[in-house]
Amino acid sequence: MSRIIAVSNQKGGVGKTTSTLNIGAALSELGKKVLFVDLDPQGGLTVSCGFEPDSLPKTVYNAMMRGLDAKEVMLATKFGPDLLPANIDLSLAEMDLIGTVSRERRLGIVLKEVRDEYDFILIDCQPTLGLLTLNALAVADEMLIPVACEYLALRGVKALLKMYGKVRLQLNSKLRIVGILPTMYDERTKHSKEVLEEIKATFNGKIPVFDIVIKRTIRFAEAAQAGESIMTYAKGVDGASAYRKLAELLASQA
């Protein structure tokens, strides 16, 4: 059975999509079968995989809310993982789910039929703590939290951890935090170094903080624009090596 990892942080711009994309690509390099789930109506992961969200006739929304089989929606990426894509239609799900029976379990129903076919399922959550994120945490085994090495980065994490506690208590007692991933680190600045130390000090001994740090580089944005992972677009940069190390660590835990 696969490991389902929700990549989540209510703060936007912290590297959730970048991390989901490149962890999955690195796991695929290791021979693991990976499924991406884009659970953000902005469709950032879908774009980063080389697809135009607005041109897609079927997305994860149709699977969650219209009962389509996941395989009817699934797309194959050119660098390995499969993808359940998203577009703006997914924004309707927040409203549709309000009156739906078992509204926190809709994604779980979608993934149930395909879960055994993958080693890893990575869910790119939207930057809110709404019903879509709740669906991700309800089905996930683990939560990975990217935290940017920037001012105010920790504020969003505290709200997320409150939600995590409620989910464990009410919906998914097996959910655990696999780790906090420091991202967007700029070794040239004192500020980044101070925030990184604050992240380690805040969670030391309470929640795992990966020793692996994702450095800021324009190559990530360029790779996303090209519809590629950093592994194929700029395999020699520090970011590619960091995500490979993280993938190796996750794979070793399986």
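The values are calculated or read from the model by the stated rules, or taken from the named source; none is laboratory data. Every value quoted in this text rests on a predicted model; they were computed, and no experiment measured them. Virtual Cβ from ideal backbone geometry, glycine too; neighbours counted across all protein chains shown. Ligands, DNA and RNA are stripped out before the accessible areas are found, and what is left, the full protein with its side chains, is counted by its heavy atoms. Shrake-Rupley method; radii C 1.70, N 1.55, O 1.52, S 1.80 Å.
For the chain, the relative contact order comes to 27 percent (Cα pairs under 8 Å, sequence separation of at least 6). All Cα-Cα separations within the chain were binned at 5 Å from zero, giving a P(r) of 1, 7, 14, 19, 21, 18, 12, 6, 2, 0, 0, each value a whole percent of the pairs. Residues GLU197, GLU117, GLU222 ordered from highest to lowest accessible area at a 1.4 Å probe: GLU197, GLU117, GLU222. Using only the Cα atoms of region 23-75, each taken as one equal point scatterer with no solvent, compute I(q) by the Debye sum, divide by I(0), and report log10 of the ratio at q = 0.18 Å⁻¹. The calculated log intensity ratios at q = 0.18 Å⁻¹ are -0.65.
Computed over protein heavy atoms with a 1.4 Å probe, the carbon and sulfur contribution to the accessible area of the chain reaches 50%. At 7 Å along the Cα-to-beta-carbon direction for both LEU92 and ALA201, put a label point, then send me their distance in nm to one decimal. Between LEU92 and ALA201, the simple spin-label model gives 5.0 nm.
The distance between label points at VAL237 and ALA221 comes to 1.1 nm (points 7 Å beyond Cα on the Cα→Cβ vector).
Sorting LYS235, LYS200 by accessible area puts them as LYS235, LYS200; the probe is 1.4 Å, largest comes first, and only protein heavy atoms count. For region 1-48, averaging the sequence separation of C-alpha pairs within contact (under 8 Å, six or more residues apart) and dividing by the residue count gives a relative contact order of 29 percent. Placing unit charges on the Cβ atoms of the charged side chains and taking the dipole of region 110-254 about its Cα centre, the candidate lying farthest along the positive direction among ALA148, GLY205, SER229 is GLY205.
When +1 charges are put on Lys and Arg Cβ atoms and -1 charges on Asp and Glu Cβ atoms, the dipole computed for the chain relative to its Cα centre reaches about 780 debye.
Span-like helix criteria (full DSSP H runs; alpha carbon extent of at least 30 Å along the helix axis; mean Kyte-Doolittle hydropathy of at least 0.0) are satisfied in the chain by no helix. So, in Å, what gap is there between the alpha-carbon centers of region 205-247 and region 123-158? Spelled out, the Cα-based centre of one part sits 18 Å from the other. Rolling a 1.4 angstrom probe over the protein heavy atoms with all chains in place gives the chain an accessible area of 44 Å² per residue. What residues of region 160-182 lie in the reach of a label at GLN253, counting those whose backbone N is under 20 Å from a point 7 Å from the Cα along Cα→Cβ? What the label zone holds, given the 20 Å backbone N cut-off, is 160-169, 172-182. Note on LYS158 and VAL101: their simple-model spin labels are 4.1 nm apart, each label 7 Å out from Cα toward Cβ.
In this view, the solvent-accessible surface of ARG168, computed with a 1.4 Å probe and all protein chains in place, comes to about 100 Å².
Partners of LYS11 within straight-line reach, counting lysines whose Cα lies under 18 Å from its Cα and excluding those fewer than 8 residues away in the same chain: LYS158, LYS162.
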